[in-house]
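Below: one structure, written as structure tokens.
The values are calculated or read from the model by the stated rules, or taken from the named source; none is laboratory data. Because the structure is predicted, anything quoted here is derived from the model rather than measured. Neighbour counts are summed over all protein chains in view; Cβ atoms, including those assigned to glycine, are modelled from backbone coordinates with ideal geometry. Accessible surface is based on the protein model in full, side chains and every heavy atom, while ligands, DNA and RNA are left aside. Shrake-Rupley method; radii C 1.70, N 1.55, O 1.52, S 1.80 Å.
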Amino acid sequence: MTEPRPTGDGRPPRKRTPRVGEVVRTSRITPHMIRVVLGGEGLAGFPSGEQTDRYVKLLFPPVGATYGVPYDVERIRAELPSDQWPVTRTYTVRAWDPVAGELTIDFVHHGDEGLAGPWAAGARPGDLIQFMGPGGGYSPRTDADWHLLAGDEAAFPAIAVTLEQLPPGARALVFVEVAGPEEEHADVLAAPGVELHWVHRGQGIPGDALVAAVSAAPLPSGRGHVFVHGEAYAVRALRGHLRATCGLDPEWTSISGYWRRGDTEDRWQATKREWNARIEAEEAPVGS
Ligand SMILES: Cc1cc2nc3c(=O)[nH]c(=O)nc-3n(C[C@H](O)[C@H](O)[C@H](O)COP(=O)(O)OP(=O)(O)OC[C@H]3O[C@@H](n4cnc5c(N)ncnc54)[C@H](O)[C@@H]3O)c2cc1C
């Protein structure tokens, strides 16, 4: 393969460094949540960070790909047709242990559809996976009077990391939608000051129960810092409730869809910018 093409302004292309993780072990932490622990030399130098929503972009080559791990993503994109490019899936860093060199990711196993969920279900020690990152954008503000953390199973890893990092005694309202009681995580304990509500979806549409529970909850007085993520339609409804109805300061809210029902991550990410722009426009006061 040839070197990646230079950018239009003559500068060398920005090199995004992919890493390779090797599956060390896996476990079912609930019937539909699979924990995969990655290790190996490819994780050396993975940065520690304060953001509690840190995520990585896992790369999945298409079936029948002519290349194997490790591969040069930039070169593949420069030289192969797009149906040969690896596909990305975004996952939260549930834990990074720099001493053991182990990166933990919790995957929702939402059925046989998709790439990442089924990959996690079939992952075995020694399997390799390439990924980019980490990125991230949220950590709980220490000057907040209270915190609201709300989401579904996909957002729970970030909520769990946040709970582990809240200062002792911090006040937090936490709502997590899961299918039923069997999906509640036993390993996350609510500290004093934290009200943890498991919201059961049952046979309902993903996100409906979460929207109902959060919308019915009285918010404490004072300044709240908000983290709401999960299924995109539910997140949109909660954003309207929290910003428009409750009047929370947008600067103090981290609210966005992690996935959208009926869409793969590719389709969701491709339309996310437009989706967010439309929501912003709907929220803008008339005449602005
Ligand atoms: C910043 C960020 C962090 C994330 N962190 C995590 C994490 O730690 N753990 C995690 O499990 N997910 C996480 N997600 C969500 C995850 O990226 C998506 O759920 C992704 O679509 C899963 O990829 P897939 O290949 O399994 O399914 P896809 O191929 O993307 O989708 C196949 C089908 O499954 C549906 N689907 C996708 N996700 C779900 C779901 N959670 N429940 C029910 N149906 C679904 C789709 O709508 C589609 O119909 C995160 C997303 C973002 C943006």
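List of remarks:
- Sequentially through the range 219-225, phi angles give Karplus couplings (6.51, -1.76, 1.60; θ = phi - 60°) of 8, x, 7, x, 9, x, 10 Hz, Gly and Pro residues having no value and appearing as x.
- Full extension of the chain between I205 and D249 yields a length gain of 13.0 nm, computed as 0.36 nm times the residue separation minus the alpha carbon distance.
- Estimated vicinal HN-Hα couplings, Hz - the range 23-40 in sequence order (Karplus 6.51, -1.76, 1.60; Gly, Pro = x): 5, 9, 7, 9, 7, 8, 8, 9, x, 10, 10, 10, 9, 10, 9, 9, x, x
- Acute angle (nearest 10 degrees) that the helix 156-165 long axis makes with the longest principal axis of the chain, alpha-carbon atoms: 70 degrees
- Accessible area of the range 146-283 belonging to carbon and sulfur atoms, whole % at 1.4 Å probe: 53 percent
- Helix-derived mean residue ellipticity, 222 nm - over the chain, DSSP H n ≥ 4, -39500 (n - 2.57), to 500: -6000 deg cm²/dmol
- Whole-percent carbon and sulfur share, accessible surface of the range 19-135, 1.4 Å: 52 percent
- Built amide H within the under 5 Å cut-off of A150, gap 5+: F175, F227, V228, H229
- In sequence order, calculated HN-Hα J values of the range 198-214 (Karplus, 6.51, -1.76, 1.60; Hz; x Gly/Pro): 8, 10, 8, 7, x, 8, x, 5, x, x, 4, 5, 5, 4, 5, 5, 5
- Label zone at E164 (point 7 Å along Cα-to-Cβ), backbone N below 12 Å, the range 41-68: 49, 52-54
- Surface accessible to a 1.4 Å probe, per residue, for the residues of the range 19-135, Å²: 47 Å²
- Each of T142 and R267 was given a label point 7 Å from its Cα along the Cα-to-Cβ line. The distance between the two points is 4.5 nm.
- Cα gyration tensor shape of the range 146-283, rounded if a/c is under 1.5, else prolate or oblate by comparing a/b with b/c: oblate
- Helix 265-283 vs. the chain, principal-axis angle (Cα, 0 to 90°, nearest 10): 40 degrees
- Under 5 Å, built H, 5+ apart or other chain: amide partners of D127: V23
- Using the average count of surrounding beta-carbon atoms within 10 Å as a protection proxy, the listed peptides 276-283, 116-123 rank, highest first, as 116-123, 276-283.
- Pairwise centroid distance, computed over Cα atoms, of the range 88-118 with the range 203-255, Å: 25 Å
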